[in-house]
Each structure stands twice: as structure tokens, then as C-alpha cells.
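Okay, structure first, notes after.
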Amino acid sequence: MSNKLQIIPTYYFGRDVVKQKLGDELKTRKIKKILLAYGGGSIKKNGLYQEILEVAKKYRVTVIEHQGIEPNPRDVGIYQASLKCRLNKVDLIIAAGGGSVIDAAKVIGILATNPQYKNTWDYIENPMRVTKPSIPLFSIITLAATGSENNSGSVITNAKTHYKQSVGTPTATPIVCFEDPKYTLTLSYWQTACGIFDIFSHLCEQYYDLTKTFNWTKEYLLANMRVLLSCAKKLAKNDKDYDARSNLLWTSSWALNDLAHFGTAGGDWTVHRFEHAVSGLWDVEHGAGLALITPVYLKYMCRHNKLFQKYSLEIARSVFEVNTLPLFFRKLEEFIKLLKLPTKYTDFKQINKVSAADMNWLINHYSNVNENGKNGPKTKLARIIFNTIKK
């Protein structure tokens, strides 16, 4: 088996790294004009926005702003931002926020340099038509969750159809990443908890590889799961624990990069694909959606697949310190309860009831996005999983 290891971003990690290192990177790269992309304005409350503007002013860099990128980012606003990049001829995009902001910024960078795409969804459905590299991208992380700074992938929601689909182009990978744990201290416990389970899902889904997995990688994933569980317990007691947040933020980056699936076939990402349907329909938080689906999926697979049983027992022993599948599932459910995340649809504030039409939409979303509408084996499994959660 041939493997390639590529860790693209240059990382700056620790307190005040934006203030200390952003200017050096702008100067070295001779940046004159940036697009600052961010979400609902939390970076103005935690001080990051002002820090970026001060650095830009010191180094005589013009800042063009694009505010309002949504959680589960939508295609329409992304295309508008790309036009803003073209009009202003920006040299660099700085994505300041969580994974949704970074996901959106990657697509903005591609659309800005590839005018053959007349809307965002055209790119998402036809990424092979890209001819020019993305505008360079820096990321400044304010939420430990997606690990989006490590890769070229984005997950975007169609504002009209609510379909949620992934896309990626290698040149859209951020080239520099700034991680200052102090910016995560202002997050609510809910946001923190959703991020924690997103990280757990990345580690877990890569572990369930269903091929001969490189043993070093298995141990790497298990070690990160143990760190994550330790951080979760500490933050459940004190969500202002700076050391726990530091370890959590670093774990989020290293849970989803080439190290995390080195020597494997890439993992089993079925839970993520199921969750895209749920958050596409109801716009729920991604990590919470993953927590809803994961136990149901793992229980089903352990009943039908011996390798899933084997891998589940390995996680049970190494991470949760128990020796049987029933105890593993009990520990997993305790972990979700510790995080105060949903265990059924109606635990979400966005969902009052689940109709038959809703269930059909979820199944059709999975079928159309992942199996070209052919109602393949995973679509049949989606029907089982979605209906099981409802009970």
C-alpha cells in the first residue's frame, strides 16, 4: 500500500498568536488587500475582530469585510462574497470563526478565481471544471470542532432545496492557521459540546475503517479519543478551563488530517452523510446531529458486522475502560448525556414533530446526494436508522 502524508497549514498555536504572527505572514507574502470572512459577529465580542484590524492597519493592508456566514453555510451568500473578492481584487481571504466560516471561505476562494461558475451549486456539482487555483486562505479558529483548516473540503447547504453536500478542491486548503484558545472561552457550553462530539465523530469514523488498518494510526486515534474524553469531563465541570480548551482545540485539528487516516482506506463516514440530511432539513447543529445518529448506527452495525464489533470493543477497552459491547454503549450514552446533547429528534429546539413527509425527505436526501437516487444499500440503511431514532 502506498501512502502520502501532507500537512499543509503552517500552525501558530497559543495565546496572542494573531497579534504576534499575523503581521509577519502578511508582510512575508506581500499581502495588500484581504477579504475578512466571519459569521454572526462573535469575533467582535471576543476581541479577535479588533486584533485583525489593528494588525492590518499596522501593515497597511486593506480589509474588505464579508459578515454573516451561517452555521451550515448557504450557497447564495458564498457566491456574493466571491463576487466581492473579484471586484476588489483581494490577495488573501482570512476566515475567522468556526468550521462553517472556513468551509464557506474555501468555496469563496475557488469561485472568485473561476468565473465559469455562475453560482455556488454549479461548482459543488461540477468541481472538476475548476481551472485556476483558489485565492490563498488563512484560518483563525474560534471553535474546536470541524478541523476544516486541515483540508480542502467544505459542506454547503442549498438555500432552496435544503440539500447539504460536500465539495473540495486541493488549492482551497488553508495555508496558515492561527489557534488561540482564549477565543474559545466565550463559547456557550452547548457550542462547546457540539464541537466535542464532532471531533469524536471524526476520530470514531476513521477508526471504523473496515480494512486492514495501520496499527500506528489506530493507536493515534485512540490516544486522541482519550484526550477528548478527558477534556469533556473537565469542561463539564468548568467550561472556562483554559488548559482543557487548549487541548481540545489542538485535538480538533489533529483529529481530521492525513495523520488521522494514514495507512487506511479513509474510514466509514456513513454517520456524517446521514447527519447532513438531518441538518439540511432542520438546520440543527452538526455535532448535535452526529450525537443523535452515532449510537443508533453503531448498535445496528455491531449486530450485523463482526469488524464493527471488534473495533467497538477496542474503543471500549482503550478509551472507556470497559470490556463488553453493552457497557461500551452505556458509556457512549453517558458521554452524550455529559455533553447534554440530544438523543431523539424532538430534543432539538428546531424540531417540534417529525412527519412522514419529513422522514421521506431525509431518505430521499441521502439517496439523491450519495447514491444518485438509486435507493442503494446505504439508502435502505438510512431508512432504518432515521426511523429508529424516531421511536
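The values are calculated or read from the model by the stated rules, or taken from the named source; none is laboratory data. As the structure is a prediction and not an experimental result, all values here were calculated from the model. We place every Cβ from the backbone using ideal geometry, glycine too, and count neighbours over all the protein chains shown. Just the protein is used for accessible areas: all its heavy atoms, side chains included, with ligands, DNA and RNA removed. Shrake-Rupley method; radii C 1.70, N 1.55, O 1.52, S 1.80 Å.
Roughly what % antiparallel, to the nearest 5, for the DSSP beta bridges in region 108-246? If we restrict to bridges inside region 108-246, about 55 percent are antiparallel. Between helix 270-282 and the chain there is an angle of about 70 degrees, using the helix long axis and the longest principal axis of the Cα atoms.
Evaluated over the Cα positions of region 309-391, the convex hull gives a direction-averaged projected area, one quarter of its surface, of 7.0 nm².
Working from Cα pairs under 8 Å separated by at least six residues, relative contact order for region 1-121 is 29 percent. The charge dipole of region 42-111, taken about its Cα centre with unit charges on the Cβ of Lys, Arg, Asp and Glu (plus for the first two, minus for the last two), comes to roughly 240 debye. Rounded to the nearest Hz, the phi-derived 3J(HN,Hα) couplings of region 216-227 under the Karplus curve 6.51 cos²θ - 1.76 cosθ + 1.60 (θ = phi - 60°) are 4, 5, 4, 5, 4, 5, 5, 4, 5, 4, 5, 4, where x marks glycine and proline.
Relative to one another, the C-alpha centroids of region 249-298 and region 50-95 are positioned 28 Å apart. Each of residue 323 and residue 304 was given a label point 7 Å from its Cα along the Cα-to-Cβ line. The distance between the two points is 3.1 nm.
Restricting to DSSP H runs of at least four residues, report the calculated mean residue ellipticity at 222 nm for the chain, -39500 (n - 2.57) per run over all residues, nearest 500 deg cm²/dmol. Rounded to the nearest 500, the figure is -16500 deg cm²/dmol. With 29 Å as the limit, the listed pairs 160/378; 27/218; 4/58; 306/380; 182/340 have 27/218; 4/58 beyond it between alpha carbons.
The long axis of helix 189-207 is offset from the longest Cα principal axis of the chain by roughly 70 degrees.
Across region 151-301, the relative contact order, built from alpha-carbon pairs under 8 Å that are at least six residues apart, equals 30 percent. Short-range pairs are left out: with C-alpha atoms under 8 Å and at least six residues apart, the relative contact order of the chain is 15 percent. Its Cα centre serving as origin, region 122-216 has a Cβ charge dipole (Lys and Arg +1, Asp and Glu -1) of approximately 220 debye.
To the nearest ten degrees, helix 17-28 and the longest principal axis of the Cα atoms of the chain are 60 degrees apart.
Computed over protein heavy atoms with a 1.4 Å probe, the carbon and sulfur contribution to the accessible area of the chain reaches 52%. The mean of 1/r over all pairs of different alpha-carbon atoms in the chain, once inverted, gives a Kirkwood hydrodynamic radius of 21.4 Å. Counting only DSSP beta bridges whose two residues both lie in the chain, roughly 20 percent are antiparallel.
Sites listed here are GluC sites (Glu not before Pro) in region 308-351 whose DSSP assignment is loop and whose Cβ has at most 12 other Cβ atoms within 10 Å: 321.
Site pair residue 242 and residue 63 shows an inter-label distance of 2.4 nm when each label is modelled 7 Å from Cα along Cα→Cβ. Counting charges near residue 305 (Lys, Arg +1; Asp, Glu -1) among other residues having Cβ under 13 Å from its Cβ returns a value of +2. How many angstrom lie between the C-alpha centres of region 127-171 and region 350-391? Comparing the Cα centres of region 127-171 and region 350-391, I get a distance of 25 Å.
Taking 0.36 nm per residue of separation and subtracting the current Cα-Cα distance, fully stretching the chain between residue 28 and residue 50 would add 5.7 nm. Find the accessible area per residue for region 1-86; the probe is 1.4 Å, ligands and nucleic acids are left out, and the unit is Å². Counting only protein heavy atoms, the per-residue value for region 1-86 is 57 Å². The modelled label-to-label distance between residue 125 and residue 185, using points 7 Å beyond Cα along the C-beta direction, is 4.8 nm. Using the alpha-carbon centroid of each, what span in Å lies between region 179-200 and region 1-37? Value for the Cα centre distance between the two parts: 21 Å. The residues of region 133-259 expose on average 33 square angstrom of accessible surface per residue, using a 1.4 Å probe on protein heavy atoms.
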